[in-house]
Structure formats: structure tokens, C-alpha cells
Amino acid sequence: MTQLATPRWAGITHTPRTPLKARIAKAILRPTVNSVPVRLSFANGTTWGAGGPDSPTMRVVRPRAFFARLGADTKIGFGEAYMAGDWTVADGTDLAELLIPFARRMATIVPVPLQRFRGFVDQKLPHHQRNSVTGSRKNIEAHYDLSNDLFAQFLDPSMSYSAAWFESSEQSLEAAQLRKIDGILDQAGVTEGTRVLEIGSGWGALAIRAAQRGAKVTTITISAEQAALARERFAEAGVDVDLQLVDYREVTGEFDAIVSVEMIEAVGEEYWPTYFATIDKLLAPGGRVSIQAITMDHHRYLATRDSYGWIQKYIFPGGLIPSLQAIDSTLATHTSLAVTDRRSLGQDYARTLREWRTAFDANWDTISAQGFDTTFRRMWEFYLAYCEAGFSVGYLDVFQLRMSRPEEA
């Protein structure tokens, strides 16, 4: 049964009462914006920013509330202010286009002299979001069990919720998603008779594709909602897939290929050694691994690894994006595996997110009828546009990584 888990908006309905912090936020933001090619417009006719009349324009609807949220929590307040309607984009401005100039300056958006105080400002990840076996289930349920019908309104027919791999500007999103899946299966050497373990089933697209190659597929998930729909899709496709509702730490057996698509971001740094050691233990001699992983530059990972941001609060509880260097280091320290091939899909992800956001907006009436409110709509608009901006400028990337034991390569 579908459950509409629309969050309660305690942090949105009440404006923080922090006048001093609000004044500080305003004093910091103005010179920062004046070096960015955008415009901030206020109801009194005032404008900030280095952008001209045709630049992306942000309308500050409720300045007092906007600066109060920004002052109360710099990393979370900007997104919360959009959710609350304290600011929006002007007519003719796309949200992602507005966020791109900020994303391009992400490492320096806070003046360098003030960055030394990061430790006093950043919140730590709440204990209840730790990705223990119990915590992981709660974190996954908070996002993936919102509603299968919700995701169906903006994903392509394959129901793939990860970066596509486009061959051309004319290729459809569905075709690009299947190309992405084939790229992973090829990296892992999946053919007829291959014993495949998929960590993170999604809604079953990869498992179906692998089974159609003649592989013996085991796929695991801890999302009951996803599992229910995936089983229906396996039956419709006429494939035999062993779907298990278990945590990756509970899997037993031996597999020739292990694949996982954008799952590592939900593992948590504390559990990366366990995650990769488990894969190493389950991988048969001569086997190969293919993981699709969102990444960021190592210096940004180091700067943000201990902080709690808007994405973790509202979208992916317990999430953390690794760097390629962090993955390599964890593999070297805790496994016999190493990365032996990699493929970037960063710009493909920007396009994927743009297509999702377009579909989300186009189908909002149907989504709204499921019980999701306008605050939820603004939250998802911001999430999709924020991520699109990050991939567009290279602040974020995503890789298909093949891993194997070097002595067996």
C-alpha cells in the first residue's frame, strides 16, 4: 500500500528569531552576490548582484524572513527559504540557471577569512541518521518509500533513479538509461550464466536487463515500496530474479559480478570499510565489480564530510558523497580490490536532472492529487535544480567504476 510520507514543515512554518545573525548574513551576502553574475531584486526596487538586465534574477519576496533563515543556518537556510517562499526566481529565469553561478563558486562563496570558523557553524550529522542496519532502513524509507506513484510521474518508463548515459542530444531518457545499465553490466562482465549480485534494487530495471542477458540475478533492497513494485515488474518482464529484502551486510553467497548504482552515497563514511569489505568477501575469484558513484573533489569532500546540510535534512538522510581518492583509499586499506576502469557521466547527470525536473513540473497536478503540498513541490524543485547546477559546473561528478583484484585482472 502506498504511503504518502509528506514531511511536517516545522522548520519552514516558523521564521527564526535571530536578528543579529540575520544582519550578519545580510552583511556577508551582499558583497558576495555583487561578485556573481546574477541579480537579486527586492520589493522596494533595490537590486544586488553583478549581473545585467538579462542575467538570472532571484526575487527576494520576504527579506526579513530570508535573512533570518540564512543567518540561523547558512547551509540549510537558503534552501528552506526557497521552500517557504521567502525567495523565488523572476519570470524568465530558470532555477538551475540561477544556482549555476553560485555552484561554480561553491568553494569560495563564503569569504576565505570566514572559512576558518566553519567548525563553529556546521552542524554534525544527527545520531539517528547513522547508517547502522536499523538507521539505514529508516533513512531509505524517508526518501524511497514516499510513493512509487510519485517517482513514476517524473522518471522514465524504466524507473531508473540515477544518471543516464546519453549517446546523442536526440536520444531519449529511457534509451540513455538502458545504455547506462548496459555500461555497468559490460564493466562487470555480465553474460549468460553470470552469478550477479545487485546492491540496491531500485525499481528493478538493472536486474531485468541482467536477467535478459541470461544471468542468475540476486538483487537486494531495504525499501519495501521499491521491492513491491520491482517484483511486479519482474513478473511483467517474464524474468526470474531473486529479490531479497535485506541489508548488504546480511548477504551470503558467492557472485561472479557485483553491481551497485548510486548506493554508496547512502552508506555513510563510517560504514564504507564494511561496505567494500562485504563486496570483497562476496566476490568470487576472477569476479568484477561495477559501481556507479556520485563524487566530489577530494578537498571538498574533506571540507564537508562532517557537516549536516539541506540535502541530508530534507532529501537523503545520512547521505555523504565520497571522492575518488576516498574510495581508492578505502579499497586499499580494507579490501583486495582496486579501481581498474572508470567512466564519467557528470554532464549526462545534469541533463538527466533537467529532464526529471521538467517532468515533475509538468505532472505536478497529478502529484498534488496524491497528497503532496506546495512546500513539498518547492523542496523537490530546489533539490533537482540544486543538483543539476552542481553537475553542470563539475562541482559534482558521477562515475561508473570497475573494480577487480589487480592480480586477477
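Worth pointing out:
- Residues of segment 67-93 classified as in a helix (DSSP H, G or I), modelled with pLDDT of 95 or more and among the hydroxyl-bearing types (Ser, Thr, Tyr), total: 1
- Tabulated pairs, segment 312-335, first over 18 Å from Gly346 (Cβ atoms) and outside the structural domain of Phe151 (by TED's automatic domain parsing), second among the polar types (S, T, N, Q) and surrounded by 21 or more Cβ atoms within 10 Å (Cβ to Cβ), C-beta under 9 angstrom, 6+ apart or interchain: none
- Restricting Leu40, Leu29, Leu70, Leu95 to those that are of a type outside the set (Phe, Trp, Tyr), surrounded by 15 or more Cβ atoms within 10 Å (Cβ to Cβ), in contact with an Asp or Glu (Cβ under 7 Å, 6 or more places away or on another chain) and touching a residue at least 12 places away in the same chain (Cβ under 8 Å) reduces the list to Leu95.
- Residues (assigned to a strand (DSSP E or B) and crowded, with 17+ Cβ neighbours inside 10 Å) located in segment 249-286: Phe255, Asp256, Ala257, Ile258, Val259, Ser260, Val261, Leu283
Conditions tested, residue by residue: (1) of a type outside the set (Val, Ile, Thr); (2) within 30 Å of Asp280 (Cβ to Cβ); (3) loosely packed, with under 15 Cβ neighbours inside 10 Å; (4) over 22 Å from the mean Cα position of the chain (by Cα).
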residue: Tyr314; (1), (2), (3), (4): yes, no, no, no
residue: Ser323; (1), (2), (3), (4): yes, yes, no, no
residue: Leu353; (1), (2), (3), (4): yes, no, no, no
residue: Ala369; (1), (2), (3), (4): yes, no, yes, yes
residue: Arg378; (1), (2), (3), (4): yes, no, no, no
residue: Tyr386; (1), (2), (3), (4): yes, no, no, no
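- Selection count where residues are hydroxyl-bearing (Ser, Thr, Tyr), touching a strand residue (DSSP E or B) at 6+ places or on another chain (Cβ under 7 Å) and in a helix (DSSP H, G or I), scope segment 302-356: 1
- All positions within segment 355-367 that are surrounded by fewer than 18 Cβ atoms within 10 Å (Cβ to Cβ), among the aliphatic types (A, V, I, L, M) and touching a residue at least 40 places away in the same chain (Cβ under 8 Å): Ala359
This table checks each residue for (1) under 16 Å from the mean Cα position of the chain (by Cα); (2) at pLDDT below 95; (3) of a type outside the set (Gly, Ala, Ser).
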position: Gly268; (1), (2), (3): yes, yes, no
position: Thr278; (1), (2), (3): no, no, yes
position: Arg288; (1), (2), (3): no, no, yes
position: His298; (1), (2), (3): no, no, yes
position: Asp328; (1), (2), (3): no, no, yes
position: Gln347; (1), (2), (3): yes, no, yes
position: Trp364; (1), (2), (3): no, no, yes
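The values are calculated or read from the model by the stated rules, or taken from the named source; none is laboratory data. Note that the structure is predicted; figures quoted are calculated from it, not measured. Neighbour counts run over all protein chains shown; Cβ positions are idealised from the backbone, glycine included.
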